[in-house]
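The values are calculated or read from the model by the stated rules, or taken from the named source; none is laboratory data. Computed from a prediction, not measured in an experiment: that's the story for all the values here. With ideal geometry, Cβ positions are generated from the backbone for all residues, glycine too; neighbour counts draw on all protein chains shown.
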Amino acid sequence: MTTWTAPDGTDINLEQYGSSDTSKPVLLLLPGLLGAISSQWRPFLKPLTETYRIILVDLRGHGRSGNNAPTLDVNQMLGDLTGLLDYLKIERLHVAGYSLGGYLGLMLALNQPRRVATLLMHASKFYWTADAAQKMQQQLDPDVMAEKVPTYADQLVKDHGGRQWRTLVRQAAELTTSLVNNGIAERQLKNLQIPVLVSVGDRDELVLLPEAFRLSRALPQGELLVLPNTRHPLQTVRLIPLLPMMQAFHTE
């Protein structure tokens, strides 16, 4: 277990694979909201390490990462990523993020465009409306989740701990609401001059195909990949065709 300590004293958990081979390009894999590196991106690790040096990061408040702040804030999460990359002395890398991880990857690319070579955003919701946030907030109730989706609640306990998961779910609901008025504006995307692959499942319940298409067209070098028979959870993604697409896309 490796950690980097943020300025507020929060320990951020990370894992590195193939780090001894500095000739390989770096690929940062980011989990989604309520996700953890212990259960996300795992099937992709072995084949990707043949080509890339891999970095996995537990987002603040998730998995084995702490959170000394009272809330979850995307700007603070962005600060965690930039600080961690500075600590690792990584000047240029590729980024692949699932859900919120893709959104944070987009923030990183906008904030440090010379650092990010390519960005994959899989199942990342960009267009947050008040109605969508309200619906999500109703779903992100730990008591309701424990009653209606106990299997998922059990997974959250496993990923984040028996005490932490309920706090994390409430903070996640607040974060979602904050993106309605304080998220990235579409007009900002025109400044991003790097290849961005917007990936979405054809059965995604959260990110609808028209949204993904709109995002891909708003990006100057945006591309759209639609995965068949795939819902929002990352575990519904099959290695083929996403893996070969990633290997072909994440190149200088």
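Quick check: anything in region 98-121 surrounded by 24 or more Cβ atoms within 10 Å (Cβ to Cβ), at positive phi and at pLDDT 95 or above? Yes, region 98-121 contains a residue that is surrounded by 24 or more Cβ atoms within 10 Å (Cβ to Cβ), at positive phi and at pLDDT 95 or above. Taking region 26-64 as the region of interest, how many residues are without any contact (Cβ under 8 Å) to a residue 60 or more places away in the chain, over 20 Å from L179 (Cβ atoms), assigned to a loop (DSSP other than H, G, I, E, B) and in contact with a strand residue (DSSP E or B) (Cβ under 8 Å, 6 or more places away or on another chain)? Total satisfying the criteria: 3.
Restricting the first member to region 67-85 and to residues that are in contact (Cβ under 8 Å) with a residue 40 or more places away in the chain, and the second to residues that are among the aromatic types (F, W, Y) and assigned to a helix (DSSP H, G or I), the beta-carbon pairs closer than 9 Å and six or more apart or on different chains are V74/Y103. Looking only at residues in region 205-216 that are over 16 Å from the mean Cα position of the chain (by Cα) and assigned to a loop (DSSP other than H, G, I, E, B), the one that is farthest from M246 (Cα to Cα) is E205. Confirm whether V200 is over 27 Å from P142 (Cα atoms), surrounded by 17 or more Cβ atoms within 10 Å (Cβ to Cβ) and touching a residue at least 40 places away in the same chain (Cβ under 8 Å). When the stated conditions are applied, V200 does not pass them.
Listed residues E91, E147; which is touching a residue at least 12 places away in the same chain (Cβ under 8 Å) and surrounded by fewer than 13 Cβ atoms within 10 Å (Cβ to Cβ)?
Criteria check complete, one pass: E91.
Based on this model, can you work out whether D86 counts as surrounded by fewer than 17 Cβ atoms within 10 Å (Cβ to Cβ) and more than 23 Å from Q155 (Cβ to Cβ)? Yes; evaluated as a whole, the condition is true for this residue. When L242, L209, L215, L225 are screened for being within 20 Å of W128 (Cα to Cα) and crowded, with 16+ Cβ neighbours inside 10 Å, only L215 passes. In this entry, K135 passes the filter for residues that are closer than 26 Å to S199 by Cα, over 16 Å from the mean Cα position of the chain (by Cα) and without any contact (Cβ under 8 Å) to a residue 12 or more places away in the chain.
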